[in-house]
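Values in this text are rule-based calculations from the coordinates and carry no lab data. All figures in this text were calculated on a predicted structure; none of them were measured in a lab. So basically every Cβ, Gly included, is an ideal-geometry build from the backbone, and we count neighbours across all protein chains shown.
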Amino acid sequence: MHIKIPQIAVPNFWLGNLGGVDNYLRHRLHKGALGQFGASSLGYPLHVVEYPHEGAAKFMVIGGTHGHEPGGVASVMNLIHLLETGRDLAGQPHDRLLELAGSLHLYLVPCLNPDGRSVCPDSFYCQGLDTTSAYASGIQKNGDLVPYDADSEEPCYYFDPADALFVGGQFNGAGWAINRRLSDDHSEAVEVQSLLEFVQGPGVQAAIDLHACGYNFAFQVRSHEAPYWPIMREWQSRAEFLFRSKDRVLGKLHGDGDPPTPPSFFFNSALLHQHAQLMYMAYEGRQGYLGRTSFMPLPTEWEIIDDYLTAIQVFLELGVEEHYARANEEVFG
Ligand SMILES: [Zn+2]
């Protein structure tokens, strides 16, 4: 079935559209090397852009795990453009971020879940109705939402696409929830499993996964061992300072405690941490959609992207200072 996706006009720098991303990656890279670590369940290429730096520590930035969160994709594309030209796609400089990024070996994944991205609009901004839930979950044939967050003992890990008009951005095209697992053995989502296999090779020290269900907050790495917890608290402290200096709010570190309570199921963070022996953090930026008072005042698209770039800046700063390397060494030897 063909689903018509309403496309809201977005600024050019809000580059979250699959076709636009693909076009940029194929024609506008001069410094970064375009690679592919697999294909999605619907056959979209899984792109990674590598910025090699001889002898430097390696880090990864991941956008588009959830298809209804275009801001993460747009932010990775703005980071790529910054590395290519010295400015983001809106023409703005980010001097400290550029300096840090230029000293490191980076792997940038603009969109981990292109299947999910392909069924969602590029923006929910100014749509007037809050349609994000519908695109995040998908719609069953009877008109109900796909029960992604059903009030049951077990959340939804899989929904048969044959029983839906479409499965939403939380899923890949085969119906697997992209970011939750019953075990940390492997992922049934081919995109996540392909990423895992890719990242085990080059020795990446840490990854940051960009999401957008909330209002600027990061998660404590609850599935990681104790040496990693202070790193997130340090990230929080530095990020809070930067957000405050821009007159923006950063929520408290989600799930932190003494000790933090582990989540009741496994996220990609646990999977990649265990198998690729790296630190895996998740940051939730602003979605920018109407309809929920908790998202007021509405940020501009550029502010949303600047929030993500700020989060990445602190992530890389801690990498330069070898926080992740020390924790990885302590835990994995
Ligand atoms: Zn998300």
Worksheet entry | Relative pair counts by distance (%), Cα atoms of the stretch 164-226, 5 Å bins | 3, 12, 19, 23, 23, 13, 4, 1, 0
Worksheet entry | Spin-label pair ARG233/ALA39, simplified geometry with 7 Å Cα→Cβ offset, distance in nm | 4.8 nm
Practice prompt. Add +1 for every Lys or Arg and -1 for every Asp or Glu among the other residues with Cβ under 11 Å from the Cβ of ALA174, and state the total.
Written response: -4
Item to complete: Before rounding to the nearest 500, sum -39500 (n - 2.57) across all DSSP H runs of length at least 4 in the chain and divide by the residue total; then give [θ] at 222 nm in deg cm²/dmol.
Response: -10000 deg cm²/dmol
Worksheet, complete the sentence: So, relative contact order of the chain in percent, Cα under 8 Å, 6 or more apart, is 21 percent
Discussion item. In whole Å, what are the extents of the stretch 76-185 along the principal axes defined by its C-alpha atoms, from largest to smallest?
Written reply: 51, 41, 22
Practice prompt. Between GLN92 and GLU54, with labels modelled 7 Å along Cα→Cβ, what's the label distance in nm to one decimal, could you check?
Written response: 3.6 nm
Response to the item:
In the chain, helical segments from DSSP H whose Cα atoms cover 24 Å or more along their own axis and that average at least 0.0 on the Kyte-Doolittle scale are 301-320
Worksheet, complete the sentence: Rounded to 0.05, the calculated FRET efficiency for the beta carbons of ARG326 and HIS254 at R₀ = 25 Å is 0.55
Practice prompt. Using only the alpha-carbon atoms of the stretch 18-332, report the extent along each of the three principal axes, biggest first, to the nearest angstrom.
Written response: 54, 41, 37
Worksheet entry | Environment charge at THR65 (Cβ cut-off 14 Å; Lys +1, Arg +1, Asp -1, Glu -1) | -2
Discussion item. Which aspartates and glutamates, if any, have their Cα less than 20 Å from the Cα of LYS31, not counting same-chain residues under 8 positions apart?
Written reply: ASP22, GLU50, GLU54, GLU84, ASP88, ASP95, GLU99
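Using +1 on the beta carbon of Lys and Arg, -1 on that of Asp and Glu, and nothing else charged, what's the dipole of the chain about the Cα centre, debye to 20?
The dipole magnitude comes to about 740 debye.
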Worksheet item: Normalised by the number of residues in the stretch 31-116, what is the relative contact order in percent for Cα pairs under 8 Å and 6+ residues apart?
Response: 42 percent
Practice prompt. Using +1 at the Cβ of each Lys and Arg and -1 at the Cβ of each Asp and Glu in the chain, identify which of PRO299, ALA282, GLY169 lies farthest towards the dipole's positive end.
Written response: PRO299
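What ranking of CYS120, CYS156 emerges when the number of other C-beta atoms within 10 Å of each C-beta is taken as an exposure proxy, fewest first?
Details: CYS120 25, CYS156 17.
In increasing order of surrounding Cβ atoms, one gets CYS156, CYS120.
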Fill in: Computed E for SER264/GLU240 - FRET, C-beta separation, R0 30 angstrom, nearest 0.05
0.60
Fill in: the stretch 53-75 residues near the modelled ASN23 label - backbone nitrogen below 18 Å, point 7 Å along Cα→Cβ
73-75
Response to the item:
Exposed-loop cut sites defined as trypsin sites (Lys or Arg not before Pro) in DSSP loop states with at most 16 other Cβ within 10 angstrom; longest site-free run of the chain spans 142-245
Discussion item. Need the C-alpha centroid separation for the stretch 222-291 versus the stretch 157-173, integer Å.
Written reply: 27 Å
Worksheet entry | Computed Rg/Rh of the stretch 188-333, alpha carbon atoms with Kirkwood Rh | 0.97
Discussion item. Going 7 Å from the Cα of TYR158 along its beta-carbon direction, which residues of the stretch 174-194 have the amide nitrogen within less than 16 Å of the resulting point?
Written reply: 174-193
Worksheet entry | Estimated distance in nm for a label pair at ASP247 and GLU84, the labels positioned 7 Å out from Cα along Cα-to-Cβ | 3.2 nm
Response to the item:
Of the candidates THR261, PHE315, ILE8, the farthest towards the positive dipole end of the chain (Lys/Arg Cβ +1, Asp/Glu Cβ -1, centred on the Cα centre) is ILE8
